[in-house]
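The next block holds one structure in the form of structure tokens; read it before the comments.
The values are calculated or read from the model by the stated rules, or taken from the named source; none is laboratory data. Quick caveat, the model's predicted, so the values are computed rather than measured. Cβ sites come from the backbone with ideal geometry, for glycine too, and all protein chains shown count toward neighbours.
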Amino acid sequence: MLHFERWKITLILLVTLAGFLYTAPNFLPKSTLEGLPAIVPHKQINLGLDLRGGSYLLLQVDTATVNRDRLQQLINDVRRALRSADVLYTGLGISGDNVTVRITRPEDMTKAAKAVRDLSSVVTSNLLSGGLPERDLAVNTSGNLISVSVTDSAKMARAQSAVQQSMEIVRRRIDELGTTEPVIQQQGSDRILVQVPGLDDPQRLKALLGQTAKLNFRLVDVSTTAQQALATHNIPAGSEVLYMTENPSMPLLVQRRVMVGGDSLIDAQPGFDQRTNEPIVSFRFDSTGARLFGEVTRENVGKPFAIVLDNKVISAPVIREPILGGSGQISGNFTVQQANDLAILLRAGALPAPLNVLEERTVGPGLGADSVRAGAIASIIGSVAVIIYMVASYGLFGVFANIALIVNIALIMGALSLLQATLTLPGIAGIVLTIGTAVDANVLVYERIREELRSGKSVIASIEAGYHRALATILDANITHFIAAAVLFELGSGPVRGFAVTLAIGVVTSVFTGFTVNRLIVSTWVRRRRPKTLVL
């Protein structure tokens, strides 16, 4: 157990050196790190919301809107299916949670019901989870009335999909802000937890996440003015009144038909208009969107074209000439930040449903500094207490254990820096706990050595037996420790996960330093001193 091959010694020293190298950047200012060569590690530990300060939001996905949108989509699907089947109908619309339609000719009922049933499909989530196949639509007939409803299984699958899609879009929007290590997690069935350390403008974050960002391009209805339509309560069929963002009191009559949807956008960038020097957003369509945009602008030259974002008109320029390149620009008296935020929203994509802010907290950096200071003091006190105890209990071998403990702390800090894990206040607690329990392996080994010495064995034989017999116990204790940390990480969230991360890393490094590094130190000392007696 005391013999080390040369390659093992080299590997242990390299791991130890790497730990100190990756720990070192945390004690240097960023200005100093930027001046160092690229080969030198530059990564620092990311501080969590409770240490660095920032914004905390608890959002709820409006799944009711998802269901309403599905019914609106279902109306279009039913209309298209009945027309394709050459079925005459009337009264197509939403009644409660159902889409209902009356078939004009009784002899078409069978054909109509089949056409509508063909719209249903198997709920994918049931197949993936191993459940029984279930259709997403339930179709009922009564006389000449057909009623179509979305099944509960399909509603749950669609709601879960909306939550997952919302999380991805929220992540893309926050990443565009350039923040470091945001925490975005699902809580419950329809809630999303968002923590953005270091963001000093929570209102901007709320505005960025609160917009659905459904962009579309529609023609302005010029048959009458919006003021006249509102005054006479006679809004033309197929049109609606929307309001301008730059002048909220100004209404505009816009056709409901979407000529080009925002889902065809592939890029959006902020910029400045070369003629007026005002902030704008330049956009670019994919091939399908470019073709549709070109056709619409070619056929409607001289007509106003409304750019609608979340049912508000950003601008309504007049089409001067066909736009065939698949790109254009949006202007609307933006500030530079507004143009940048709009570009972020368009690049990240539209949310499938609105997000409602349930809880909002802002943590100041002062609280974070106090927490870091308190955690550092606790770590120092814990380390000093452990060092004193080990030296008082085991003398020189206690010094060996303390050297391994210092290496252990360096490896934990280096691993957190390398993995770019987020350190939270509970994470600091995990480190302090690791410091307290890291010497357990040494205590087990040393007590075994004492027992062997009492039985009359030689120094080398006692040390060999001590490490050999304690190994199984050390592994058993730390494996169960690691399993507990893994369960905390898998089932916990937020602070619990921060604690679990440092605890799990600490378990691995403690076994390495408490047994391997310490054994190498003891082996080196034995080879050089060759002691005949040992006081332990």
Go over the candidates Gly53, Gly19, Gly35 one by one and state the one that is within 30 Å of Arg204 (Cα to Cα) and either outside the structural domain of Val170 (by TED's automatic domain parsing) or small (Gly, Ala, Ser) (or both).
Gly53
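Could you tell me which of the residues Asp97, Asp108, Asp86 is of a type in the set (D, E, K, R), outside the structural domain of Pro202 (by TED's automatic domain parsing) and surrounded by 18 or more Cβ atoms within 10 Å (Cβ to Cβ)?
Working: Asp97 fails: surrounded by 18 or more Cβ atoms within 10 Å (Cβ to Cβ); Asp86 fails: surrounded by 18 or more Cβ atoms within 10 Å (Cβ to Cβ).
Exactly one of Asp97, Asp108, Asp86 is of a type in the set (D, E, K, R), outside the structural domain of Pro202 (by TED's automatic domain parsing) and surrounded by 18 or more Cβ atoms within 10 Å (Cβ to Cβ), namely Asp108.
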Unmet criterion (only one of (1) at pLDDT below 90; (2) under 14 Å from Ala504 (Cβ atoms)) for Leu411:
(1)
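If you take the residues of segment 334-354 that are among the polar types (S, T, N, Q) and farther than 16 Å from Arg172 by Cβ, which of them is surrounded by the fewest Cβ atoms within 10 Å (Cβ to Cβ)? Even if it seems obvious, please write down each step before you answer.
Our first condition is that a residue be among the polar types (S, T, N, Q); within segment 334-354, this holds for 335, 337-338, 340.
This time we only want the ones that are farther than 16 Å from Arg172 by Cβ, so: 335, 337-338.
Working: Thr335: 10, Gln337: 12, Gln338: 16.
Among them, the one singled out is Thr335.
Out of Gly289, Gly349, Gly326, report the one residue that is in the same structural domain as Arg204 (by TED's automatic domain parsing), touching a residue at least 40 places away in the same chain (Cβ under 8 Å) and closer than 20 Å to Gly271 by Cβ. Give the steps one after another, and end with the answer.
Numbers: Gly289 fails: touching a residue at least 40 places away in the same chain (Cβ under 8 Å); Gly349 fails: closer than 20 Å to Gly271 by Cβ.
Criteria check complete, one pass: Gly326.
This table checks each residue for (1) in a loop (DSSP other than H, G, I, E, B); (2) buried (at least 19 other Cβ atoms within 10 Å of the Cβ); (3) under 28 Å from the mean Cα position of the chain (by Cα).
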residue	(1), (2), (3)
Ile428	no, yes, yes
Ile431	no, yes, yes
Ala461	no, no, no
Ala472	no, no, no
Ala500	no, yes, yes
Ser510	no, yes, no
Thr513	no, yes, no
Asn518	no, yes, no
Those residues of segment 483-528 that are within 18 Å of Met413 (Cα to Cα) and hydrophobic (A, V, I, L, M, F, W, C) come to a total of 12
What number goes with the only condition from (1) more than 30 Å from Gln165 (Cα to Cα); (2) part of a loop (DSSP other than H, G, I, E, B) that Val258 does not pass?
(1)
Scope segment 267-297; condition surrounded by fewer than 15 Cβ atoms within 10 Å (Cβ to Cβ) and of a type in the set (A, V, I, L, M, F, W, C); matching residues
Phe272
Filtered residue count, segment 1-51, keeping only those that are surrounded by 15 or more Cβ atoms within 10 Å (Cβ to Cβ), outside any helix (DSSP H, G or I) and acidic (Asp, Glu)
0
Checked segment 462-476 for anything over 13 Å from Thr533 (Cβ atoms) and aliphatic (A, V, I, L, M); matches are Ala465, Ala470, Leu471, Ala472, Ile474, Leu475
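Quick check: is even one residue across segment 40-60 under 30 Å from Leu137 (Cα atoms) and not aliphatic (A, V, I, L, M)?
Pass one, segment 40-60, residues under 30 Å from Leu137 (Cα atoms): 59-60.
Cutting the leftovers down to not aliphatic (A, V, I, L, M) gives us 60.
For segment 40-60, residues under 30 Å from Leu137 (Cα atoms) and not aliphatic (A, V, I, L, M): present.
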